[in-house]
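The values are calculated or read from the model by the stated rules, or taken from the named source; none is laboratory data. This structure is a prediction, so every number in the text was calculated from the model and none was measured. Note that we place each Cβ from the backbone using ideal geometry, even for glycine, and neighbour counts take in every protein chain shown. Accessible surface areas use protein heavy atoms only, side chains included; no ligands, DNA or RNA. Shrake-Rupley method; radii C 1.70, N 1.55, O 1.52, S 1.80 Å.
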Amino acid sequence: MTGTDTFHLDDNRKIHSAGILNRKGILLILSENFLGKSFVLDKKVSIVGRDESCDIVINDPLISKKHCSITLTDEGHYHIEDLDSTNSTFLNGKLLKKPGHISYGDRIIIGDTILRFFHEEKFESK
């Protein structure tokens, strides 16, 4: 196994996740303003915004200083909440009015920035 492997075989030839990200969430920017930039969600609560004090800083003028938060629950699920931002948060094309559950592949729009949410899931071969 190398440092870039996502999966590895154990002694019984079963495939397992290499655990590189330890099942952490990832936000990947898909819009042209910062295309390809990614952020690992490595805290229980990550604040997203323009302000330098945020955990995830995106310099999009349509993003509020503290735009939204992403929380990892004790059960390992992720939730997103708008922090009364000026231009709102959209989850899969819908205005986020209350905290919402986010899943692998969900599309998040804040300001002019489009993000895709991913996370390393537990992988088991059959």
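General remarks:
- Those residues of the range 27-55 whose amide nitrogen sits under 15 Å from the label point placed on Arg107, 7 Å along Cα→Cβ: 28-32
- Relative protection proxy for 27-35, 40-48, 72-80, from highest mean packing down: 40-48, 27-35, 72-80 (other beta-carbon atoms within 10 angstrom).
- Rounded to whole Å, the principal axis extents of the Cα atoms in the range 35-126 read 47, 27, 25, largest first.
- Rounded accessible area of His119 (nearest 10 Å², 1.4 Å probe): 50 Å²
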